[in-house]
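Below is one structure, written out as structure tokens; the observations come after it.
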Amino acid sequence: MAVIVPPEKTAVAQAPRRTARRSRRRPLVLNVLALVTGLLLWAVVAALGLVENLPTPLAVARKAGGMLTDGTLATDTLASLRRVFLGYALGVVLAVPVGFLMGWYVTVRALIEPYVQFFRTIPPLALIPLTVVLLGIGEVPKIAVIGLASFMACVVASFQGVIDVDRTLINAARVLGASDRIIFAKVVVPAATPFILVGMRIGLGASWATVVAAELIGAQEGLGYRMQKASTWFEMDTIFVSLITIGVLGLLMDRLLLLAERRLTGWQERR
Amino acid sequence: MTNGTGMNNKISFQGVAKTFPMKGTDFTALDGVSLDIADQEFVTVVGPSGCGKSTLMSMAAGLEAPTAGRVLVDGRPVTGPGPDRGVIFQQYALFPWLTVRQNVEFGLKLASVPAEERHRRADRAIALVGLDEFADALPKTLSGGMKQRCAIARAYAVDPQVLLMDEPFGALDALTRVQLQDQLLATWSREKRTVLFITHDVDEAVYLASRVVVMAARPGRVHRIIDVDLPYPRTEDIRLSAEFRQIRNEVWTSVYHQQPAAPAA
Ligand SMILES: Nc1ncnc2c1ncn2[C@@H]1O[C@H](COP(=O)(O)OP(=O)(O)O)[C@@H](O)[C@H]1O
Ligand SMILES: [Mg+2]
């Protein structure tokens, strides 16, 4: 019996290190495994013709290669990205100061909040017919709808961020001699940053979701437009290429913002 | 100092009342509070929770205005916060996005202290509370005791003549609390500031102060003022002495078995 003790001891000593490494790696392994399985499943289902018109992964990859070489994928992606960035930037640039003003001044809040609450209940997509009538079918209505979507997501977050600033932090700054202006810049803005970044991530998701629908209004290029057109010709592979591009780009942008969030709000205590 | 209301009074509450507007009737948090604190005196305030201790301190800090009466510092009515009064809150109130050094320099920056002197003064305050090794750490990496040390250094850095402390050690474990009490007393006897220190811990109140103000609630008022005739520097021997225990018992009784104050002292 006594002979068995030493190896057991070493096993116990090593265990924490090993589980720590494993628990960090396992999700990644599982993620890749899930992706590969999904791809295989798709290939099998497509090869057996279980779903009508479903292209094989290979056909989709070939189509993607073709769309890359003839430049349509780049043109579409750029067109969609441009709309998302313009609309999103517009929405965020307006939402942050409006949210701050609403949180800081009770009067501004009372004046603006009814509109925010009202428009929040309307899905941005439901406004597309109206914007077409008001703004025509050019780039402006698309950017406006995307802007509205990201504005709504972001304004509430930054407003909430200001409201939730710890009173004792404000008092601590005041007793050290800070004026209202300094308190706003040096306490309220940094304290509200985590909220704003969460709002910006939600807003980005909303913008990206809106762009596809917005491109259904008389666009000449764009990932959403390409899908819409392909569906009338039953070009399933084109639809798949656009869909996957939308998904990958959305994921990439979200990760980028997440990275920025980690960088900017690493000071937060996590419970 | 010029108006004859009290020659050596650093802080003076004169018939102070504070009511908060509430639904229906107003709520009287403090009524008829008069208290003089001499220059370089260490006064502690104890009393049941809700008796207006924090409100009293907020008025000295200039964060709240009295609804009646006057609060004077250096013989002048308090109109707002000022660098002559340093405040230390129970919840530490460190800026979590700033490092220890940046927190300590916050008030110095606002006072437009030139960079070089600012660093020097911050380093000195940080060293005083023993946080040298953590000067570049973010608050989230500090323990409760270290956070409160940082908050104390932040107040010390601007070199206020008055320290207003609202249950600063209330959230700390007993051991850390005793360490910080001794550190606070050591600094106080060297630099001789006026300290108004609020606590709910009777032992702490007696150990630190030359006078303990016992408050009563509903409405908040001064119930009794008990002199602590124990010499400084306070030591462990004093903390364990019979005299200490006697004063402590007296304070305890007047906090927990409050009868109407005797008409004559
Ligand atoms: N801003 C406020 N509005 C309304 N009531 C308040 C406000 N601040 C304090 N009070 C009330 O005043 C009383 C005294 O509060 P406080 O000074 O915090 O007591 P203590 O610090 O002794 O526990 C409490 O009953 C509290 O609810
Ligand atoms: Mg209190």
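None of the figures in this text is laboratory data; all of them are computed from the coordinates on show. Fair warning: this is a prediction, and the values are worked out from it, not measured in the lab. Positions of Cβ are generated from backbone atoms using ideal geometry, with glycine treated the same way; all protein chains shown enter the neighbour counts.
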Average partner coverage of B:85-98, which counts Cβ from other chains inside 10 Å: 5
What does the charge dipole of chain B about its Cα centre add up to, to the nearest 20 debye, if the Cβ of each Lys and Arg holds +1 and the Cβ of each Asp and Glu holds -1? 540 debye
Based on the mean of other Cβ atoms within 10 Å per residue, sort peptides A:167-173, A:205-211 so the most packed one is first. A:205-211, A:167-173
Over the alpha-carbon set of the protein assembly as shown, divide Rg by the Kirkwood Rh and report the Rg/Rh ratio to two decimals. 1.14
Under Stokes-Einstein, with the Kirkwood radius over Cα pairs standing in for Rh, what whole-number D in µm²/s applies to the range A:57-264 at 20 °C and 1.002 mPa s? 114 µm²/s
Measure out, as a whole number of angstrom, how far apart the alpha-carbon centroids of the range A:46-89 and the range A:213-248 sit. 8 Å
For the pairs A:Lys186/B:Lys53; B:Lys109/B:Lys147; B:Lys53/B:Lys140, note any where the Cα-Cα span goes beyond 23 Å. A:Lys186/B:Lys53; B:Lys53/B:Lys140
Taking Cα pairs under 8 Å and at least six residues apart, what relative contact order does chain A come out at, in percent? 22 percent
Kirkwood Rh for the range A:28-180 from C-alpha pairs, in Å, is 20.1 Å
Could you give the size of the charge dipole of chain A about its Cα centre, using +1 on the Cβ of each K and R and -1 on the Cβ of each D and E, expressed in debye and rounded to the nearest 20? 1320 debye
State, as an integer percentage, the relative contact order of the range B:161-225 based on alpha-carbon contacts under 8 Å between residues 6 or more apart. 34 percent
Go ahead and run the numbers for FRET between A:Leu243 and A:Val140, Cβ-Cβ distance against an R0 of 22 Å, rounding to 0.05. 0.25
What are the ³J(HN,Hα) values, in whole Hz, obtained from phi via the Karplus relation 6.51 cos²θ - 1.76 cosθ + 1.60 with θ = phi - 60°, for each residue of the range A:91-104 in sequence order, with x given for Gly and Pro? x, 5, 4, 7, 5, 4, x, 5, x, 4, 4, 5, x, 8
Please give every one of the lysines within straight-line cross-link reach of A:Lys229, meaning a C-alpha to C-alpha distance under 22 Å, and leave out same-chain neighbours fewer than 8 residues apart. A:Lys63, A:Lys142
Out of A:Pro55, A:Ala192, A:Trp267, whose Cα points farthest toward the positive end of the dipole of chain A (charges: +1 Lys, Arg; -1 Asp, Glu; placed on Cβ)? A:Trp267
With only helices counted (DSSP H, runs n ≥ 4, each -39500 (n - 2.57)), the per-residue ellipticity at 222 nm for chain B, to the nearest 500, works out to -10500 deg cm²/dmol
Under Karplus coefficients 6.51, -1.76 and 1.60, residue-wise ³J(HN,Hα) of the range A:71-76 in Hz, glycine/proline x: x, 5, 4, 5, 4, 4
Assuming a ≥ b ≥ c are the square roots of the Cα gyration tensor eigenvalues, decide whether the range B:124-184 counts as rounded (a/c under 1.5), prolate (otherwise, with a/b larger than b/c) or oblate. oblate
Please give every one of the lysines within straight-line cross-link reach of B:Lys192, meaning a C-alpha to C-alpha distance under 19 Å, and leave out same-chain neighbours fewer than 8 residues apart. B:Lys10
Sticking with the crude label model, points 7 Å out along Cα→Cβ, report the distance from B:Arg218 to B:Ser189 in nm, one decimal please. 4.2 nm
Amide H to amide H, which residues 5 or more places from B:His223 or on other chains are under 5 Å from it, using H placed in the peptide plane? B:Val214, B:Met215, B:Ala216
Helix-only [θ] at 222 nm, chain A, -39500 (n - 2.57) per DSSP H run of 4+, per residue, nearest 500, equals -27000 deg cm²/dmol
Phi-derived 3J(HN,Hα) across the range A:174-187 with the Karplus relation (6.51, -1.76, 1.60, θ = phi - 60°), rounded Hz, x for Gly and Pro, is 4, 6, 8, x, 7, 7, 4, 5, 5, 4, 4, 6, 9, 10
In whole Å, what is the distance between the alpha-carbon centres of the range A:140-174 and the range B:153-224? 39 Å
Using 7 Å Cα-to-Cβ label points, what is the A:Asp70/B:Ser49 separation (nm, one decimal)? 7.4 nm
